[in-house]
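Before any comments, here is the structure.
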């Protein structure tokens, strides 16, 4: 029996008290990105690499505690400095495909800060609707980005 693909789309917005150049730097600098994206509490990072350019890859191998190995493989499709990113990524859990996504991050000036608008369309490959978990995980990542901007230049 074929496992059905479940398609879902969501958008989240978060305003940061930093200009677009600072937010973009936190998205594009390998050291900064690894810190807020991969090194969350309870996560073990087995490997991380970022080649930030159109056609470049970002690869993360990680586990949550003693959980199964997970991967996040990302390719950048469009980059407009200080304005937007468009990328596609796939995730696996324990070697099994979990999802493939197309996502964008738009940076919009907002008062003295920057509004980040994140939109993702996901194909969940395990037949389950994982959209609530994905949305919550993304919300947590946007909060981790806020901490990065508060704590580091």
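Computed quantities for the displayed model
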quantity: Some residue of the stretch 139-150 being over 12 Å from the mean Cα position of the chain (by Cα), farther than 21 Å from residue 29 by Cβ and free of Cβ contacts under 8 Å to residues at least 60 places away in the same chain; calculated: no
quantity: Those residues of the stretch 116-138 which are touching a residue at least 60 places away in the same chain (Cβ under 8 Å), within 12 Å of the chain's Cα centre (by Cα) and in a helix (DSSP H, G or I), in sequence order; calculated: 134, 135, 138
quantity: Residue within the stretch 74-84 that is more than 30 Å from residue 111 (Cα to Cα) and out of contact with any helix residue (DSSP H, G or I) (no Cβ under 9 Å at 6 or more places or on another chain) present; calculated: yes
quantity: Residue count, the stretch 1-49 (criterion: in contact (Cβ under 8 Å) with a residue 12 or more places away in the chain, exposed (fewer than 12 other Cβ atoms within 10 Å of the Cβ) and closer than 22 Å to residue 71 by Cβ); calculated: 4
quantity: Condition broken by residue 106, with the remaining ones in (1) at negative phi; (2) at pLDDT 95 or above; (3) loosely packed, with under 15 Cβ neighbours inside 10 Å satisfied; calculated: (3)
quantity: Yes/no for residue 133 being modelled with pLDDT under 95, exposed (fewer than 12 other Cβ atoms within 10 Å of the Cβ) and at negative phi; calculated: no
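The values are calculated or read from the model by the stated rules, or taken from the named source; none is laboratory data. In this text the structure is predicted, and so the values were computed from the model without any measurement. All Cβ positions, even for glycine, are placed from backbone atoms using ideal geometry, and neighbour counts span all protein chains on display.
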